[in-house]
């Protein structure tokens, strides 16, 4: 079972992408965790380490997929 | 059943994203078509009309998700 983590920050671009991820990701192949970096700033460092540069971003087994562009991590740190 | 179209141009970023799409998109909810715009330039106009700005891009029921950044459509037209 793969592990997918969707990092977002609550912006409209993020919410739109989140819907796609939750609707269309194959739940038989992966478990999905949604992390709101705006609310949970303690996980920003973890996101940066794995290579997340902006949100929304989907990380599956360590591979980072930036989806559209909502905000940079620098902006999320605000 | 939704319809997902993955537009790409054969670049490494595209190929990497394609693997994720083909592996993790829920086949019970969507059919997936892969369009190589480098080989099939006749479909660039269609991609532009739906809002694709760069590849790789995933379009599900008209919603465009740009995944990472491989090349702009202008570059694909080359």
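Bear in mind that the values in this text are calculations on the coordinates, not laboratory data. Predicted model, so just to flag it, every value in this text is computed and none were measured. Because the Cβ atoms are built from the backbone with ideal geometry, glycine has one as well, and the counts that use them run over all protein chains shown.
Kindly work out what percent of the DSSP beta bridges joining two residues of chain B are antiparallel, to the nearest 5. Write out the running numbers ahead of the final one.
Working: 10 of 17 bridges.
DSSP beta bridges in chain B are roughly 60 percent antiparallel.
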Worksheet item: Along the axis that rotates chain A into chain B, which residue of chain A has the nearest beta-carbon, and what is the gap in whole Å?
Response: A:26, 2
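222 nm [θ] for chain B, helices only, -39500 (n - 2.57) per DSSP H run of 4+, per residue, to 500? Mind dumping the intermediate values first?
Values: 3 runs with 25 residues, N = 78.
That calculation yields -9000 deg cm²/dmol at 222 nm.
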Worksheet item: Counting DSSP beta bridges in the protein assembly as shown, what percent are antiparallel, to the nearest 5?
Response: 60 percent
Practice prompt. Quick one: grab the alpha carbon gyration tensor of the protein assembly as shown, order the square roots of its eigenvalues as a ≥ b ≥ c, and give me rounded if a/c is under 1.5, else prolate or oblate depending on whether a/b is larger than b/c.
Written response: prolate
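Ranked by Cβ crowding within 10 angstrom, fewest neighbours first, how are B:11, A:14 ordered?
On the way: B:11 17, A:14 24.
In increasing order of surrounding Cβ atoms, one gets B:11, A:14.
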Fill in: 7 Å along Cα→Cβ, label-point gaps from residue A:29 to other copies, nm, shortest first
1.4
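To the nearest 0.05, what FRET efficiency results for residue A:2 and residue A:41 with a Förster distance of 25 Å applied to their C-beta separation? Numbers along the way, then the final one.
Working: r = 26 Å, r/R0 = 1.04.
It comes to 0.45.
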Worksheet item: Using a label point 7 angstrom from Cα along Cα-to-C-beta, what distances in nm, from shortest up, separate residue A:51 from the other copies?
Response: 2.7
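Any idea what the relative contact order of chain A is, in percent, if you count C-alpha pairs under 8 Å spaced at least 6 apart? Walk me through the intermediate numbers first.
On the way: 130 pairs, mean separation 30.6, N = 78.
This gives 39 percent for chain A.
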Worksheet item: Of B:25, B:58, B:37, which is the most mobile in a GNM of chain B whose springs link Cα atoms less than 10 angstrom apart?
Response: B:25
Worksheet, complete the sentence: Under the rule rounded for a/c under 1.5, else prolate if a/b exceeds b/c, else oblate, using alpha carbon gyration tensor axes a ≥ b ≥ c, segment A:1-47 is classed as oblate
Item to complete: Put a label point 7 Å from Cα along the Cβ direction on residue B:77, then list its distances to the equivalent points in the other copies in nm, shortest first.
Response: 3.9
Worksheet item: Mind checking the angle between helix B:12-24 and chain B's longest principal axis? C-alpha axes, 0 to 90 degrees, to the nearest 10.
Response: 10 degrees
